[in-house]
Amino acid sequence: MRLFSKIFEYFSWLFAVMGVFSANRPVLTPVLVVAMAVANITRILAFFIPLKVLLLIATPGVPRYFRFFVDPELRNEWAIGLSIAAVVCYLLTLLLDRLSERWSELGSRDLLSKVNQLSVIADQKARARQYYSSFCSSQASLLLVLLLFAVGVLIHPWLFAFLSGFLALQLLISWAALRRVEPRDPKGFGGYILRNLSSYLGYLFAINFLAVFVFLVLDFLLFDGINVLIAILSFLISRQILGALSSMATTGYSLSCQRKSIDPLVFREEKHVKQEKSEIQSLRHHFAVEARRERIQELLAAGGIKAAVEVEDLWQDPAKGSYLFQIVARDAEGDVAFRGQERVLPSKAQQALENEDLIIEHMGAGPLLIAPVHAEYEVGDFHCRLYELGECEPVSKNAWKKGLQQSVVASLWRLSPPQSLREVFELSRPYLWERFDADLLRRFELALDEEWKSELYERLSSALPALQARLKALPLFPHNAVMGDNSAFVSESGEIRLTDWGKWSLEPVGVGIETRFMKDKRLAPEVEALRARKDAPDDLSSADLRLAALAFKIEELVTRKAAFNEAFGFAEELLGALAAAEAGGRSDEASGKQATGSD
C-alpha cells in the first residue's frame, strides 16, 4: 500500500467533491465549512478563557504574565469581561454545531435533487447528509489545522517546529510499515495499522500530546521559558491540531472505503453498481483455486496422508454464514485417498465453531453424527475446518428432502441431552414452552381483521396453559437448525456424517418434522422408539410430535417473518394435535390434515 499516493488521491477526490458541493450550493457550502472551523476555535476559547479568569482572580494583584495587557486597577472588570466572553464562546459553539447539522441537511437535500433523483443506495437521504457533513468537516479540519499552525508558529515557533518534525517522522514510519502491506492480507506492523486504524491514531495522539507537554516543561526547566499564557494557549492549540489531524485521517479512510457509493450521489456521470462485498473479495484472494488446492495438499501431508498427489477442490454454494468446498484427493493410481469438506467462516461467524465445540464437549461427536475434524486453521481473517468424510459422499437435494432428513432428525430424537448441557442452554435461551407464550400470541393482534381469526385467536389463548404444559412434558433432544443437504453426507452402507452444528438448541421431540411426514402411520415407529427413553411420558403419541413440530413452526413464522396468515393456517391443526395428545393419542383424522395456508 503506497501511503503518499493514497493521501494525494484522497485529497484530489476531496477537492473534486467539494467543488461539486460548492457549485451546487455556492454560499451554503463555504459557510458550513467556515462554521465548522470556527466552532472548533470557539471550543478552544471556551476552555482557555476560564483558565485565564481563574489565574487572574486566584492571584493577589495581577500576575506578571497578565501585566502586558491587564491594568491592575481594572482587574475585576477584566475578570467579569473574560467570564462573559467564555460563556459567549460556549454558547456560540453550541449554536454553530446546531446550525452545521441543519445546513448539512439542506445541502445534502439539494445535492440529491440536482445530481441523482433516483434512490441508488439504502437510506439514501440520511447517508447523503452524512457524506455531505463528513466532507465539509474534513475541509473544515484542514482549514483549522492550517490556521492553527500559522498561529502556533507565530506565538511559539520552536514548539511547532518540533511538532512538525515529530509528525513528519511518524508519517515516514507509517509509510515504511504500510509500503509492502497487501490490504486483503494485512500482516506485521502495517497490518496492525490497517486493522486497528482508530487505535493506532489514538496512540499517536497520546504520544504527540505527551511530547508537546514534555517540550513545554523542559522549556521552563532548562531555559527561561515563554509567557505562561502563551504556553497554555500553545498547548491547547497543539491538542486541537492533533485532534483535527486524527479526525481527518479517520474520516478520510472511512469515506475512501465508501467511495463507490458516494460518487454516484455526487457526480452525475457516475452510475451506481452494486459492489462485491469486501468479505467476498478477501475470499477470492485467499481461496483462489490453485492456492487452496496447494494448501489442502500440504494439510493432508501434515496429517499423514502423503499419498494424495491430486486434489480436487470444488466450490459448493454456501450455507448461511459459511463457505464450503468439497475435497477429493487421489493417489498416484487414481484411487481416493481422502474425501472431505472444507468449511470456511469469516471472523464474525466464528461463534458457530464455538457452539459446535460446546455441544461436542457435552455429547460427543459420534452420537451427533459429526464428521471427524482432520485439520483446523486460519487463512487471513477466515476460520477453517477440514472435515474427514471417509466413504461418505454428498447428498442430493432431492434425496435429502425425500427422506434422509427425516431419518437424521429421528435418530437425533433418541438422544437425551445431559444435565450439564441443559444447564448451559437454560442460562442463555428459553425452551419452546417458554417462548410460545402470551407475548407471542399478542403479535397476532395485528392480523385480527376477520371474525374467524379472532375466534381462533381466543381458542389459542384459552388453550395456551395446556399447550405449554404438554410441550414441557415432552423429552428434549439436540436440534440442528442449519442441517441441510450441503452439510450432510452418506455412504453406500448408510453411514451418515454431518459437518455443521453451529446453530443448535434443545427442543421437544417432534421439532424438525416436515409437514408431509406428520401422519400417524409415518410417525408410529418413531413413537415406539421414543417410548424407550426414560424421560418420555407414558402416553406419548404421534400427536405429541405433531404438537411440538407445529408449535415450533408457528413460532418461526411469527417471529422471523411476521407471516400471521400462514401461522393461522397451522393454528387449527395445532389445537387438534393438542386435543389428541391430551386424549392419549386418539387423534382426529381432521387434525392430521393440513389447514389452508400451510406449507
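The values are calculated or read from the model by the stated rules, or taken from the named source; none is laboratory data. For clarity, every value in this text was computed on a predicted model and none was experimentally measured. Cβ coordinates were reconstructed from backbone atoms using ideal geometry, including for glycine residues, and neighbour counts include every protein chain displayed. For accessibility, only protein heavy atoms count, side chains too; no ligands or nucleic acids. Shrake-Rupley method; radii C 1.70, N 1.55, O 1.52, S 1.80 Å.
List of remarks:
- For the stretch 307-399, convex hull of alpha carbons as volume per residue, Å³: 124
- Order by protection proxy (mean Cβ within 10 Å, highest first), peptides 244-256, 223-235: 244-256, 223-235
- FRET efficiency, residue 151 to residue 184 (Cβ-Cβ, R0 60 Å, nearest 0.05): 0.90
- In loop segments of the stretch 209-280 as defined by DSSP, the trypsin sites (Lys or Arg not before Pro) with at most 14 further C-beta atoms inside 10 Å of their C-beta are 268, 271, 274, 277.
- Degrees between helix 542-556 axis and first principal axis of the chain (Cα, 0 to 90, nearest 10): 20
- The overall shape of the stretch 351-431, judged from the alpha-carbon gyration tensor, is oblate: a/c is not under 1.5, and a/b is no greater than b/c.
- Local electrostatic count at residue 247 - Lys and Arg +1, Asp and Glu -1, tallied over other residues with Cβ under 14 Å: +2
- What you get for the stretch 456-571, charging only the Cβ of Lys and Arg (+1) and of Asp and Glu (-1), is a dipole of about 220 debye around the Cα centre.
- Selection from 60, 353, 208 lying farthest towards where the dipole of the chain points positive, charges on Cβ: 60
- Student exercise, the chain dipole from Lys, Arg, Asp, Glu Cβ charges, in Debye to nearest 20: 2280
- Neighbour cut-off at most 15 other Cβ (10 Å), DSSP loop, trypsin sites (Lys or Arg not before Pro), the stretch 374-438: 414
- Area of residue 42 that stays accessible when all protein chains are in place (1.4 Å probe, Å², to 10): 10
- In this structure residue 174 has an accessible area near 10 Å², from a 1.4 Å probe over the protein heavy atoms.
- Gap separating the Cα centres of the stretch 1-26 and the stretch 404-466, nearest whole Å: 56
- Derived scalar couplings between HN and Hα for the stretch 243-254 equal x, 5, 5, 4, 5, 4, 5, 5, 5, x, 5, 5 Hz in order, rounded to whole Hz, by the Karplus curve 6.51 cos²θ - 1.76 cosθ + 1.60 (θ = phi - 60°), x for Gly and Pro.
- Amide H to amide H, with H built 1.01 Å from N, residue 477 comes under 5 Å of 507, 509, counting only residues 5 or more places away or on other chains.
- Euclidean distance of C-alpha centroids, the stretch 471-537 and the stretch 237-258, integer Å: 55
- In a DSSP loop and with at most 16 other Cβ atoms within 10 Å, the GluC sites (Glu not before Pro) in the stretch 388-448 are 391.
- Among 8, 489, 300 the positive-end extreme of the charge dipole of the chain (Cβ point charges): 8
- Comparing 48, 80, 236 along the charge dipole axis of the chain, the residue lying farthest to the positive side is 80, per the Cβ-charge model.
- Between helix 197-222 and the chain there is an angle of about 30 degrees, using the helix long axis and the longest principal axis of the Cα atoms.
- FRET efficiency for residue 51 and residue 222, using Cβ-Cβ distance with R0 set to 22 Å, rounded to 0.05: 0.35
- Coarse-grained scattering of the chain at q = 0.08, 0.13 Å⁻¹, given as base-10 log I(q)/I(0) from a Debye sum over alpha-carbon atoms: -0.86, -1.25
- Reach of residue 472 by Cα under 27 Å, taken over lysines that are not fewer than 8 positions away in the same chain: 453, 503, 519, 521, 534, 553, 561, 593
- Within the chain, DSSP assigns beta bridges of which about 95% are antiparallel (rounded to the nearest 5).
- Shape analysis of the stretch 219-299 places it in the oblate category; the axes a ≥ b ≥ c from the Cα gyration tensor give an a/c of at least 1.5, with a/b not above b/c.
- What the phi angles of the stretch 395-407 give under the Karplus curve with 6.51, -1.76 and 1.60, with θ = phi - 60°, is a coupling list of 9, 6, 4, 5, 5, 5, 6, 6, x, 5, 4, 5, 5 Hz, glycine and proline written as x.
- Alpha-carbon Debye profile of the stretch 289-358, log10 I(q)/I(0) at 0.13, 0.17, 0.23, 0.24 Å⁻¹: -0.43, -0.68, -0.99, -1.03
- Take each peptide in 13-25, 529-541, count the other Cβ atoms within 10 Å of every residue, and average; sorted highest first, the result is 13-25, 529-541.
- A straight line joining the Cα centroids of the stretch 281-342 and the stretch 356-373 runs 23 Å.
- The Rg/Rh ratio of the stretch 470-576, with Rg taken over Cα atoms and Rh as the Kirkwood radius over Cα pairs, comes to 0.99.
- Aspartates and glutamates with Cα under 18 Å of residue 52, excluding same-chain neighbours fewer than 8 positions away: 71, 73, 77
- Student exercise, the stretch 312-374 dipole from Lys, Arg, Asp, Glu Cβ charges, in Debye to nearest 20: 260
- Taking the inverse of the mean 1/r over every pair of distinct Cα atoms in the stretch 202-344 gives a Kirkwood hydrodynamic radius of 21.3 Å.
- Taking other residues whose beta carbon is less than 13 angstrom from the beta carbon of residue 356, and scoring Lys, Arg as +1 and Asp, Glu as -1, yields -2.
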